[in-house]
1. For a quick check of your reading of the model, give me the residue pairs whose first member lies in region 43-72 and is at positive phi, whose second is part of a helix (DSSP H, G or I) and modelled with pLDDT under 80, with beta-carbon atoms closer than 8 Å and at least 6 apart or on different chains.
2. Out of all the residues in region 207-231, which are within 12 Å of Leu22 (Cβ to Cβ) and open to solvent by less than 50 Å² (accessible area, probe 1.4 Å)?
3. Check Leu203 against each of (1) open to solvent by 40 Å² or more (accessible area, probe 1.4 Å); (2) farther than 30 Å from Arg98 by Cβ; (3) not in a helix (DSSP H, G or I) and name the one condition it does not meet.
4. Pairs only if they're at least six apart or on different chains, beta carbon under 6 angstrom, first in region 25-39 and touching a residue at least 40 places away in the same chain (Cβ under 8 Å), second part of a loop (DSSP other than H, G, I, E, B); list them, first residue then second.
5. Condition check: open to solvent by less than 60 Å² (accessible area, probe 1.4 Å) and either hydrophobic (A, V, I, L, M, F, W, C) or not assigned by the TED database to the domain that holds Leu109 (or both). Does Leu153 satisfy that?
6. If you check every pair at least six apart or on different chains, which have Cβ atoms under 7 Å apart with a residue in region 166-183 that is among the small types (Gly, Ala, Ser) first and a residue that is modelled with pLDDT under 80 second?
7. Within region 128-140, can you find the residues that are surrounded by fewer than 19 Cβ atoms within 10 Å (Cβ to Cβ) and closer than 20 Å to Leu15 by Cα?
8. Which of the numbered conditions does Val184 fail, given that it passes all the others? Conditions: (1) within 25 Å of Ala20 (Cβ to Cβ); (2) loosely packed, with under 15 Cβ neighbours inside 10 Å; (3) among the aliphatic types (A, V, I, L, M).
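The values are calculated or read from the model by the stated rules, or taken from the named source; none is laboratory data. Note that the structure is predicted; figures quoted are calculated from it, not measured. Please note: Cβ atoms are built from the backbone with ideal geometry, for glycine as well, and neighbour counts cover all protein chains shown. With ligands, DNA and RNA removed, areas are computed over all heavy atoms of the protein, side chains included. Shrake-Rupley method; radii C 1.70, N 1.55, O 1.52, S 1.80 Å.
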Amino acid sequence: MIDVAGTVRALDPRLKLAAALLAGPCLWKVPVAAATACALILLVLVLFLAAGQPGGGRMVRSLLSFVFFWVAVKVLLDAVSGVPMEHMALDAAQLAVRLVALLMLGLGLALSTSARALGLAVAWALRPFVGRSRAWRIALALSLMVHFLPVCLSTLSGVREVAARRFPEAGFFRRMRMVPQAVVRNLGQKTWNQTLAVACRGLDRPGAWDADFAWSGRDWFGSVLVLAAAGAMFFL
């Protein structure tokens with residue numbers, strides 16, 4: 001049986017980053033049928049990647065809840081504005097599909113590639129244009145941002161679970177006040193710990209971001225597959 005998660009994680013980070021940058025804008029331009037197919041494929045892929053991660057399933061559910069919340073807001077605003085029901089339902093479905101595809105794309109990239117590997121790929125790509133002294137700073141900033149995506153989702157899931165167990169009698173509005181405050185406090189502590197980790201590992205210097213990538217036959221096959229999929233999305 002093919003190890004889907006292991007195969008995706010073994011791909012060159014430059015390929016995965018380029019695929020995400022190519023697919024992201026395309027998801028807003030391709031027909032809704034192509035976006036739906038892409039969303040389903042990415043959702044299955046993310047489920048494979050999240051299976052080995054602590055709280056991976058909760059992260060996926062949190063993102064889907066985020067999508068449904070904003071789709072509900074759009075439906076409410078359209079209803080107040082007097083948009084016809086058939087147009088309102090169609091627009092809500094399209095927004096949900098494209099948001100799910102985009103969020104699964106970002107989460108899949110974060111789960112399949114370490115933050116440092118993505119930073120190395122960015123430094124490699126930007127070094128000819130902005131120079132070595134600037135490229136590593138941009139790479140470090142991106143790595144920290146990517147690292148905090150699953151951290152934020154797992155923190156949110158953990159806080160919500162603790163709130164449900166310790167304060168089962170709390171109502172919806174009380175939880176909406178309590179949960180964000182707890183999440184912000186936890187993330188503030190994690191930010192300080194991450195700063196210490198960066199300094200201790202020597203990631204705050206240019207030499208730590210000089211990569212030695214090796215392009216393999218598997219990466220060539222992945223490149224052809226990505227380009228073929230990107231082209232097919234516009235004709236589905």
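1. That search, which allows pairs on different chains as well, returns Gly55/Leu153; Gly55/Ser154; Gly55/Ser157.
2. Ser223, Val226, Ala230, Gly231
3. Answer for Leu203: the failing condition is (1).
4. Val30/Phe234; Ala33/Leu236; Ala34/Leu236; Ala35/Leu27
5. yes
6. Going by the 7 Å Cβ cut-off, there are no qualifying pairs.
7. Our first condition is that a residue be surrounded by fewer than 19 Cβ atoms within 10 Å (Cβ to Cβ); within region 128-140, this holds for 128-134, 137-138.
If the condition is that a residue be surrounded by fewer than 19 Cβ atoms within 10 Å (Cβ to Cβ) and closer than 20 Å to Leu15 by Cα, then Pro128, Phe129, Ile138 are the ones that fit.
8. Answer for Val184: the failing condition is (1).
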